[in-house]
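Quick note: the coordinates plus some simple rules give every number you see, no bench work behind them. What you see is a predicted model; the values in this text were computed from it and never measured. Note that each Cβ is placed from the backbone with ideal geometry, even for glycine, and that neighbours are counted across all protein chains shown.
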Amino acid sequence: MLIDLASDDRRAYRKVHRGEAWKALSIELRVTMNRCEVCRLQPSALRVLQAAHLVAEVELWALRLRERYLFDRRGLTCLCGDCHASYDFVICGVRDPARMTKLQVARARGRSRRFVAEFRQLELRRLRWAATMFREADGEPAAPLAASA
Ligand SMILES: [Zn+2]
C-alpha cells in the first residue's frame, strides 16, 4: 500500500460514496472489455466482472487524489471478483487479512501465484499510473498515453 491510513482517515473514507457517475462508468468499462484482464474469464453475466482501480480508491483518498482521479479511465481495469480481491489484497495491500477468512486469504494468495505474469503486468501498470498521477498533480505535463494501454 502506498499510504498507511490513520483510523480517522478510514472513518472518513467510509462515508464517501461513488454515486451514479461511477455506476455508468463501471458498466461502460465492463461491457467494453467484457473479460477479466487477469484470468481471461468471459462470463455471460456482466455482474461477475468489476471495474477495478489500479491504485485503490482508499489509496487515492489517502493521497488526496480521489476527487481528481476516481473516475479516470486510465486508472481502471476490468477484473472478475476473485481476481479483484486477489489484486487488492496481494498487490495493493488494501485488504486487511484480519477481516478475511483463512480461506479467502489462501484463495487470494493462490490466485496471485497462478496468474503471476498477469498480476506482474498489472502491478507495472499500477506503478506507471501512480507516477502519471503524481506528475500531473505536481503540475508537469502528462506523458503521451501510449504506454497506458
Ligand atoms: Zn479473473
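What FRET efficiency, computed as 1/(1 + (r/R0)^6) with R0 = 30 Å and r the Cβ-Cβ distance, is obtained for residue 44 and residue 74, rounded to the nearest 0.05? Intermediate results must be reported in sequence, preceding the final value.
Details: r = 28 Å, r/R0 = 0.94.
Efficiency, from the Cβ-Cβ distance: 0.60.
How far apart, in nm, are two points set 7 Å out from the Cα along the Cα-to-Cβ line at residue 35 and at residue 22?
Taking the simple label geometry, residue 35 and residue 22 are separated by 2.8 nm.
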